[in-house]
Amino acid sequence: MPITRFPMKLNHLAIQSFATGLAVLISIFAAVFAWQQVEISRTHNRLSVVPIVQITPYMEGKNGRNGLYLSNDGLGPAIIKGFSVKSGGVIADGFESDRWAEILATTSANPACFGTGWPKGETALRAGVEVPLVYATKAEGAEVCLLETLKLVGGNAIEISVDYESIYGEPKHLSANSKAKSKTIDSLYQKLITK
């Protein structure tokens, strides 16, 4: 039985077709891999600039922070889109005016003891920045204001709501209150109101 050999052109054509098919297949896998890497990079970029807005009540004493502070503990700027404060029957919503005096009156804290700040619409709060919303004054003779701060952070909670976005336009929402989570402050507040 004689062995039949295929002409060289046929073998060469088969090898060329196989190589072309393999190249196309490798190109498809490379394109899929590149697309996945782009998606991973986009996700990483978004996560690397996520803002995390916090409201923190402080009572650090005479030379410390005393009051409510708004901060951005995330990695990117937070663009403030909405701001609302509620206490008792008083609701202050929006950016038009600073209404802390009305809000503080519902906590029985003396508004004269506090400096105030109210965010403006579309304000960008940089990462790592902390700004006071309501803070005890540090004027001469202001030691009495520390007791007023105790009413603010230990008593009836003021509800604060902040709507904000990342630089990618992803909406976020924070609901917080003014009450410090501290047994010491709770104990001092109870002593203050029973006097």
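Picking from residues in the stretch 82-103 that are surrounded by 18 or more Cβ atoms within 10 Å (Cβ to Cβ) and in contact (Cβ under 8 Å) with a residue 60 or more places away in the chain, the one that is nearest to the chain's Cα centre (by Cα) is Phe83. Close Cβ contacts (under 7 Å, 6 or more residues apart or on different chains) running from residues in the stretch 46-60 that are at negative phi to residues that are in a helix (DSSP H, G or I) comprise Pro57/Val153; Met59/Thr149; Met59/Leu150; Met59/Val153; Met59/Ile185. Residues that are of a type in the set (Ser, Thr, Tyr) and surrounded by 15 or more Cβ atoms within 10 Å (Cβ to Cβ) within the stretch 104-119 comprise Thr106, Thr107, Thr116, listed in sequence order. Reported count of residues in the stretch 37-81, each being in a loop (DSSP other than H, G, I, E, B) and surrounded by fewer than 18 Cβ atoms within 10 Å (Cβ to Cβ), is 12. Looking at Lys181, Lys151, Lys191, just one residue is touching a Phe, Trp or Tyr at 6+ places or on another chain (Cβ under 8 Å) and farther than 23 Å from Ile79 by Cβ, and that residue is Lys151. Of all the numbered requirements in (1) out of contact with any strand residue (DSSP E or B) (no Cβ under 8 Å at 6 or more places or on another chain); (2) more than 26 Å from Ala127 (Cα to Cα), Arg42 misses one, and that requirement is (2). No other residue among Glu165, Glu148 is charged (D, E, K, R), within 17 Å of the chain's Cα centre (by Cα) and not assigned by TED's automatic domain parsing to the domain that holds Thr43 apart from Glu165.
Of all the residues in the stretch 86-119, those that are among the aliphatic types (A, V, I, L, M), outside any loop (DSSP other than H, G, I, E, B) and in contact with a helix residue (DSSP H, G or I) (Cβ under 7 Å, 6 or more places away or on another chain) number 5.
The values are calculated or read from the model by the stated rules, or taken from the named source; none is laboratory data. The structure displayed is predicted, hence computed values, not measured ones. Counting neighbours? That spans all protein chains shown, and the Cβs are built from the backbone with ideal geometry, glycine included.
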